[in-house]
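Contents: one structure, followed by commentary.
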Amino acid sequence: MILAINPECINVKVGFEIHQQLATENKLFCSCKCEETENYKIFFKRNLRPTQSELGMYDAAALFESNKMHTIKYHAAAGSCCLVEADEEPPHEVNREALETALIVSLTLHSKVVDEIHVMRKIVIDGSNTSGFQRTMLIANGGYLDINGKKIGVQTICLEEDAAKLISDNGTIREYGLDRLGVPLVEIALEPVSGKPQEIMQVARTLGRLLRASKRVARGLGSIRQDVNISVDNGNVVEVKGVQQLDQLIKVIEYEMLRQHGLILIAQKLKKNNINAEVGIGDRIEDVTNILSKSTSKVVKKSLADDDNKGVFKAIRVKGFSGMIGFEPYPDIRIGKQLSELVRFYGLGGVFHSDELPNYGIGSEQVDAIKKKLQVVDDTDAFVIVGGQRDRVEFAVDALVKRLKMALNGVPAETRAATFDGKTTFSRPRSGSGRMYPETDIQPIPINNALLDSLSDRIPRPWDEIIDTLAKKHRMNKKLAEQVFDSPYLSLFEEIANSTKIQPTFIASKLTEDLVSLQRQGLDTALLNENMILDAFERLNAGIVAKESIVLIFEKIMKKESKTIDEAVAALGIMPVNEQELQRIIDKILEENMSIVKSKGIASFGTLMGRCMSVLRGKVDGEKINSVLKQKLEQLLASNTGLKTQEYQD
Amino acid sequence: MLEINALPNEEKKLTVSEYKGKSLTLLTDKGISVGDTIKISTSDNEFIAILMPRYESADENHIVVKLKSGYNIGIELSKIQFITKVDQRSYQNVSTNDSLLQIRRGGAQHDDWKKEPPPRIALISTGGTIASRIDYRTGGVHAALSASDLYASIPELVKHASIDPEVLLNEYSENLKPEHWTLIANKVSEKVRSGKYHGIIISHGTDTMHYTASALSFALQNLPIPVVLVGAQRSSDRPSSDAALNLIGATIFSVKSNYSGVFVAMHASSSDDVIACHIGTRVRKNHTSRRDAFESIDMMPVALVKGESVEMQPPQQRYVKLQERNNSGHNNFIVKSNFDSRVILLKYYPGFDPDLLSHSIMRSTYRAIILEGTGLGHVSRECIPKIQKAVESGMMVFMTSQCIWGRVRMTVYDTGRDLLDIGVIPLSDTLPETAIVKAMWVIANSNSTESAKKMMQENIANEMTTVTPIMDK
């Protein structure tokens, strides 16, 4: 059933937390290089355990992670990792270059820098930090971002270390690469804004441009990540992590609007049906392993086979929820799906619930048996079943009961992960602010006015000015200049444009439109590094390859068909053709096509050009062929009276 | 008289004592203590925050507050226009029962031991924190040493033993002295003689843990059960701390080892998987910060704890003498817990001033010199007459090597032979740190210089071996 509510009417508030890697040479707390690699040679295994707070309680998120009982395997590479990344040596002093950048960003955003910076440890025990905490420091409070005269408030600006790179997670062993751990990040949290997703996106885009204008931040995929705090009226704040691209962001906001509003509609309906926490949500929990062992369901069989055939199934009675677990106020938005996402966190496949049964190989016989065991007598009662390894199932049952109770209040505060297709999926309960304590290995850093004054000279020019200058200097239109500025290749573009005679608009369009189009075909730009791009353009500048070859070369590399520009050039059959050879080839083509020349005269140019291109495409620049052919044809016609000499059309 | 700073695990009361000068005056005037919620207006901002402690070494121009976001910041005193207390810190009664229920790691409950009582282990705490709690409110880290705290922090322990914790000392290990060794040895002796325990675990700061291990190895002879020292290279307030696994390893070894004696149990590698158990006189801290800083010198660790099993390293038994465990009998158990600290350890280096050896303080203060010589056991020619004088005056002079690995052999070169001629006594493969501890013990437990010299040349607790195995370092 779809309710007739226009999503446009849902009032959404979005607060951005932008994490931008800085383009420093070294990491934040050691002298290792900030370079991504997959060339790992060193491995070690660790377990993290939650630390107990003074109140005898463990942080909810930390406990949640530890419940998953993971072993973590770390992969390290020399050059980008030392004992600091391995959590085998105390952190060194804070990287001054990174600190200065964070201060400059703060000044640019009119934010108030704190008098003394204290490095904190923020507990994170998913393994992404070897220490079990992320080191972070508050640099500045307040300030604003100016978007066409409208001021978007800044809450805080922090400087922190990036986390390790997740390589894989099979449910028992999670693997991380340590090359990214410790790369400096600035985290900028903006005040929540409301509006249409498109308008909200403009905020993220503007902030990104402002950061890039400093020329002190890293570019490229993964160098900027947005966490977005999304809430709708009457709902809790949901934190969505891992949004990497702006077009993905719009979809995420739209999806969350529907999901959160849908959950509120479900809560309203439950309330209307007089369902509350007292009616009995999870008041009976029974082992239904024996009942389900008779099912023909493949999913059930697989779960039972877990843990050396010691898999179990448990059923939870949920009073008053019949019809509500599968109820979809919007397509695909239902409690059942939220529950399945939740148990996946415990390494379980999903849940079955009474609104969808009998189905999936679970017959009415089994459904009745489960109902009997749970003493489900009322038509309004529902049940949820979950299966797999015993200890996981036990944790999952607790979590499911809690989550079902939360359904009464609509949107639970939680952290979700963005998916590539612009949806979100549950990742963990939202962590509180209570999990920070001081990093006692590093002394506080006083910030004096003299330092701030000296840095205020280094506030970057506004990004729109930079784009205007870029457009003017290279005689490009504004849109192309913006594309270059937004791309990871601004510096590379300037380098190529300044060091070669190639048309800047040509360079710009190859680096933006053509690369984006290759990327849209599913090819990986990461395979094509800046040196390769520079090499290809230098060859073009030297006349060794033709304009037409540039994209073909990029494609070869990105398709993994060639590893180097040399290989790509060879694979494409691009051999340098010198002037003499060019003359010889064109002469030969003219000779072979003398009959057309004789019959059509100058009008044969088009056909001849086509023949020349089929031999010389990619090897010699098209314009060059054009001019040589034109000259030769004219000479030929002039020396042969009787041949047609009328003007030709190109 | 030694003052021993024995501190029960009672919370340190928070005041403003960490502040000094101008900041202290301001806070005292306003009646504000650490932990109070305060409101502060500065020339450009306003905060409601909690007053935090200040590092003792930090300046007096800032006060530290924790914002609602959890971040600490320092606020410059001169910018404060207004400051007032909004709310007093409340001291809540700490209960760990909830967390015990919450954390079910390891899964086992006390029920596992319904059929037969679990092996009992005494845990003597001397400093460093094997388990701790963080006060996120103030950032303080407190030792968690009651039995319930321990089980709450490391629930896996329940599966292996019933642990009786006792806080004996609370000291950074660099502050420990030979008098502390005596105190620890006597406490261990008391526990051993009670006959209640399968093993004794001593939690210890790592810096001087190998000295204490040596000291106990000499002081506690014919031990019927294992005595295992354990520490942590990453403090226990971190999720990545090695403390829990080290303690679990020490517990498993204490319960399952077939041998008694004094051991050190720490990580075998950077990974959280294997715990290496080292003989107390043959172990050394060889790295400032790594988890596997402790290494057995010139031998493999005597046992490895992998998962829940103890793997003895059989070839070791050819080189060292290990005593069989005897849970029920402590009749042969001997305690000689006195140490005489009149021993000096001198490391020779190019440019070493030979006059140091003949200085009057040397003669009046010390009874023995342990030399940490170069290579096979050498010092420069200029030192020889000075050493000779020292020996003639009744000082005992022993030679060890700064190479750490390998044994001294003073008959190979002239210098060595000359040193032997003047009465320098080579200590074979005794580690320099073990040698000084042994000398302190020998002096306190012998009745003449001659018998002391004799004891120094005898192997008492595997500190001196006859075989150096071939192994990859």
_3J(HN,Hα) from dihedral phi, the range A:533-543, Karplus parametrisation 6.51/-1.76/1.60, rounded to Hz, x for glycine, proline_ = 4, 4, 4, 4, 5, 5, 5, 5, 4, 7, x
*Using amide H atoms built 1.01 Å from N in the peptide plane, name the residues 5+ places from B:F294, or on other chains, whose amide H lies under 5 Å from its own.*
B:N286
*Mind jotting down a quarter of the surface of the convex hull over the alpha carbons of chain A, in square nanometres, one decimal?*
38.2
*Taking the Cα centre of the range A:339-441 as origin, sum charge times position over the Cβ atoms of Lys and Arg (+1) and Asp and Glu (-1), and report the length of that vector in debye to the nearest 20.*
220
*asked:* List the aspartates and glutamates whose Cα sits under 18 Å from the Cα of B:K30, skipping any in the same chain fewer than 8 residues away.
replied: B:E18, B:E46, B:E60, B:E76, B:D87
*Give, to the nearest whole percent, the P(r) tail of the range B:241-327 beyond 14 angstrom, counting all Cα pairs.*
59
*Could you pull out the trypsin sites (Lys or Arg not before Pro) across the range B:355-431 that fall in loop regions by DSSP (anything but H, G, I, E, B) with no more than 12 other Cβ atoms inside 10 Å?*
B:R381
_Distance between modelled label sites at A:S454 and B:Y172, nm, 7 Å Cα→Cβ extension_ = 3.2
*Provide the per-residue ³J(HN,Hα) series for the range B:303-313, in order, calculated from phi with Karplus coefficients 6.51, -1.76, 1.60 and θ = phi - 60°, each as a whole number of Hz, with x at glycine and proline positions.*
8, 10, 9, 10, x, 9, 10, 9, 9, 6, 9
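Partner chain Cβ atoms within 10 Å, averaged over the residues of A:112-124 - can you pull that number for me?
Partner-chain Cβ atoms within 10 Å, mean over residues of A:112-124: 6.
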_List residues of the range B:171-195, by number, whose backbone nitrogen lies under 17 Å from a label position 7 Å along Cα→C-beta of B:Q323._
B:185-195
*With +1 on each Lys and Arg Cβ and -1 on each Asp and Glu Cβ, and nothing else charged, work out how big the dipole of the protein assembly as shown is about its Cα centre, in Debye to the nearest 20.*
1460
*Counting other C-beta atoms within 10 Å, which of A:C32, B:C403, A:C612, A:C81 has the fewest, and how do the rest follow?*
B:C403, A:C612, A:C32, A:C81
*If you place +1 on the Cβ of every Lys and Arg and -1 on the Cβ of every Asp and Glu, how big does the dipole about the Cα centre of chain B come out, in debye to the nearest 20?*
520
*Which FRET efficiency value, to the nearest 0.05, do you get for B:T466 and B:T365 by plugging their Cβ-Cβ distance into 1/(1 + (r/R0)^6) with R0 = 35 Å?*
0.55
*Can you work out the FRET efficiency for the pair A:I173 and B:E190, with r the C-beta to C-beta distance and R0 = 51 Å, to the nearest 0.05?*
0.70
*Among B:I344, A:Q268, A:I585 - extreme Cα towards positive end, dipole of the protein assembly as shown, charges at beta-carbon*: A:Q268
*asked:* Amide H of B:N45 versus every other amide H placed in the peptide plane: which residues, excluding those fewer than 5 positions away on the same chain, fall under 5 Å?
replied: none
*Quick one: of A:K33/B:K66; B:K39/B:K79; A:K241/A:K319; A:K73/B:K68, which pairs are farther than 25 Å apart, Cα to Cα?*
A:K33/B:K66; A:K241/A:K319; A:K73/B:K68
_Checking the cross-link filter: which lysines have an alpha carbon closer than 22 Å to that of A:K314, excluding same-chain neighbours under 8 positions apart?_
A:K68, A:K294, A:K298, A:K301, A:K302, A:K337, A:K371, A:K372, A:K373, A:K402, A:K405
_Based on Cα coordinates alone, diagonalise the gyration tensor for the range B:21-87, multiply each eigenvalue by 5, take square roots, and list the semi-axes in whole Å, largest first._
15, 13, 13
_For B:W441, B:W181, A:W463, B:W405, order by how many other beta-carbon atoms lie within 10 Å, fewest first_ = B:W405, A:W463, B:W181, B:W441
_Local electrostatic count, A:L404, Cβ distance below 12 Å [Lys/Arg +1, Asp/Glu -1]_ = +3
*asked:* Helix-only estimate, please: 222 nm mean residue ellipticity of chain A, summing -39500 (n - 2.57) across DSSP H runs of length 4 or more and dividing by its residues, to the nearest 500.
replied: -11500 deg cm²/dmol
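Write down the percent of antiparallel bridges among all DSSP beta bridges whose residues are both part of the protein assembly as shown, to the nearest 5.
For the protein assembly as shown, the DSSP antiparallel bridge percentage is about 75.
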*Going toward the positive end of the dipole of the protein assembly as shown, with +1 on Lys and Arg Cβ and -1 on Asp and Glu Cβ, which of A:G410, A:I125, A:G208 do you reach last?*
A:G410
*the range A:62-148: Rg/Rh from Cα coordinates, Kirkwood Rh?*
1.08
*Within the range B:186-293, report the trypsin sites (Lys or Arg not before Pro) that DSSP leaves as loop and that have at most 12 other Cβ atoms within 10 Å.*
B:K196
*Quote the FRET efficiency, to the nearest 0.05, computed for B:I404 versus A:T440 with a Förster distance R0 of 25 Å and r equal to the Cβ-Cβ distance.*
0.20
*Once the protein assembly as shown is represented by equal point scatterers at the alpha-carbon sites, with solvent omitted, what log10 I(q)/I(0) does the Debye formula produce at q = 0.06, 0.07 Å⁻¹?*
-0.66, -0.86
*Answer rounded, prolate or oblate for the range A:325-404, using the Cα gyration tensor with square roots of eigenvalues a ≥ b ≥ c: rounded when a/c is under 1.5, else prolate when a/b is larger than b/c, else oblate.*
oblate
*Run the quick spin-label model on A:N234 and B:Q88: label points 7 Å from Cα toward the beta carbon, then report their separation in nm to one decimal.*
4.3
*Per q in 0.12 1/Å, what log10 I(q)/I(0) does a Debye calculation on the alpha-carbon atoms of chain B return?*
-1.04
*Could you give the nm distance between label points at A:K472 and B:D414, where each point is 7 Å from its Cα heading toward the beta carbon?*
8.5
*Can you quote the Å³ per residue value for the convex hull of the Cα atoms in the range A:277-412, rounded to an integer?*
97
_Under 15 Å between alpha carbons, and skipping anything fewer than 8 positions from B:K177 in its own chain: which aspartates and glutamates qualify?_
B:E3, B:D207, B:D340, B:E433
*Whose amide H sits under 5 Å from the amide H of A:I147, counting only residues 5 or more places off or on another chain, with H placed in the peptide plane?*
A:I152
*Mind counting lysine pairs for me in the range A:463-572? Cα separation below 26 Å, and the two need to be 8 or more apart along the chain or on different chains.*
24
_Can you tell me how the range A:335-480 classifies by the Cα gyration tensor, rounded, prolate or oblate, using a/c under 1.5 as the rounded cut?_
prolate
*Going by C-beta contacts inside 10 Å, put B:K159, A:K556 in order with the fewest on the left.*
B:K159, A:K556
_Calculated from backbone phi, Karplus (6.51, -1.76, 1.60) coupling profile of the range A:353-368 in Hz, x at Gly/Pro_ = 9, 5, 5, 10, 10, x, 4, 6, x, 9, x, 5, 4, 5, 4, 5
_Normalised radius of gyration for the range B:343-456, please: alpha carbon Rg relative to 2.2 N^0.38 Å, two decimal places._
0.96
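Any read-out appearing in this document is the output of simple, stated calculations on the displayed coordinates, not a laboratory observation. Owing to the predicted nature of the structure, the values given are computational and were not obtained by experimental measurement. Glycine also receives a Cβ, built like all others from the backbone with ideal geometry; neighbour counts cover every protein chain displayed.
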